[in-house]
Amino acid sequence: MSHQLILASSSPRRQALLRQVNMNFTVRKQDTDESIVKASDPREKVEQLALLKARNTEIMDKGEVIVTADTVVSYQNQIFGKPEDDKDAYTMLSTLSGQVHEVYTGVAIRANAEEIFFTEKTSVEFWTLSDEDIMSYISTRDPFDKAGGYGIQSEGAVLVRSIHGDYYNVVGLPISRVVRELRGVIG
Ligand SMILES: Cc1cn([C@H]2C[C@H](O)[C@@H](COP(=O)(O)OP(=O)(O)OP(=O)(O)O)O2)c(=O)[nH]c1=O
């Protein structure tokens, strides 16, 4: 059967990462109400959300393979998604200042009769940030479409002291693992 890869994501970063490794794919929008997933464990949360996004994506042809993902930041018992406003971004960034947090990205792959999912975790250490560091970063508006309120690939790079694990997982898609898992589905 010939396969057609569909990335069901409006994240420009996820699209760019699949393009970077020369995958042939098309983008399909899905609109998922993320508030219905109540899991408090970050791994469970991103897996459930990625699966929900995959199940909410219409399959239009038998050969289609749907890929979806969800990213959260986890610190102690808190899970941070995208900040709602400046105050929310400030709370997230001041909590993460000087600490190590985890970024979880759950990925779901849905083909005709199968559904697989997995999660990657990357640890990220932030420098200790002054109020001025945080306020000037928020004023760039970079935090607002990103889990945890920062983008490691953009202005947020200056907040990060070290990482352990897959960099691309932090950006929103653990691309090398995704490609390997896809080989098992589309050959
Ligand atoms: C931590 C971090 C997150 N992010 C982004 C990746 C995700 O796009 C976003 C988390 O939001 P998600 O809800 O995972 O994804 P999304 O709404 O952007 O896209 P879609 O559901 O359509 O696939 O945060 C970065 O770009 N850089 C970072 O350093």
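Every read-out reported here was derived from the displayed coordinates using simple, explicitly stated rules and does not represent laboratory data. All values reported here derive from a predicted model rather than from experimental measurement. Glycine gets a Cβ as well: all are built from the backbone with ideal geometry, and neighbour counts include every protein chain shown.
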Q. For the peptides 72-83, 138-149, 165-176, what is the packing order when you average, over each peptide's residues, the other Cβ atoms within 10 Å and list the highest mean first?
A. 165-176, 138-149, 72-83
Q: Please pull out the direction-averaged projected area of segment 25-71, using the convex hull of its alpha-carbon atoms, in nm² to one decimal place.
A: 3.6
Q: Scan around residue 59 for amide H atoms under 5 Å from its own, H built in the peptide plane at 1.01 Å from N, and keep only partners 5 or more places away or cross-chain.
A: none
Q: Taking amide H positions as placed in the peptide plane 1.01 Å from N, state which residues far from residue 80 in sequence (5 or more) or on other chains have amide H under 5 Å from it.
A: 73, 74, 75
Q) Please identify the trypsin sites (Lys or Arg not before Pro) of segment 11-115 that satisfy two criteria: DSSP loop assignment and at most 12 other Cβ atoms within 10 Å. Which are they? A) 29, 38, 62
(Q) Taking the 0 to 90 degree range and rounding to the nearest ten, how far is the long axis of helix 86-96 tilted relative to the main principal axis of the chain, both from C-alpha atoms? (A) 90
Q.
I want to verify the translational diffusion coefficient of the chain in µm²/s; compute it with Stokes-Einstein, Rh as the Kirkwood radius over Cα pairs, at 4 °C and 1.567 mPa s.
A. 77
Q: For segment 28-67 and segment 121-187, compute the distance between their C-alpha centroids and round to whole Å.
A: 21
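Past the 21 Å Cα-Cα mark, which pairs from 29/146; 29/87; 82/121?
Result: 29/87 exceed 21 Å.
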Q. DSSP beta bridges in the chain, what fraction antiparallel, as a percent rounded to 5?
A. 80
Q: Could you work out how far helix 175-186 tilts from the main Cα principal axis of the chain, as a 0 to 90 degree angle to the nearest 10?
A: 10
Q | Equivalent ellipsoid, segment 121-187 (semi-axes from 5 times Cα gyration tensor eigenvalues, Å) | A | 30, 13, 7
Q.
Can you pull out the GluC sites (Glu not before Pro) in segment 36-127 whose DSSP state is coil and whose Cβ has at most 14 other Cβ atoms within 10 Å?
A. 58, 84, 114
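Roughly how many debye, to the nearest 20, is the charge dipole of segment 71-152 about its Cα centre, given +1 on each Lys and Arg Cβ, -1 on each Asp and Glu Cβ, and no other charges?
Taking the Cα centre of segment 71-152 as origin, the dipole is about 180 debye.
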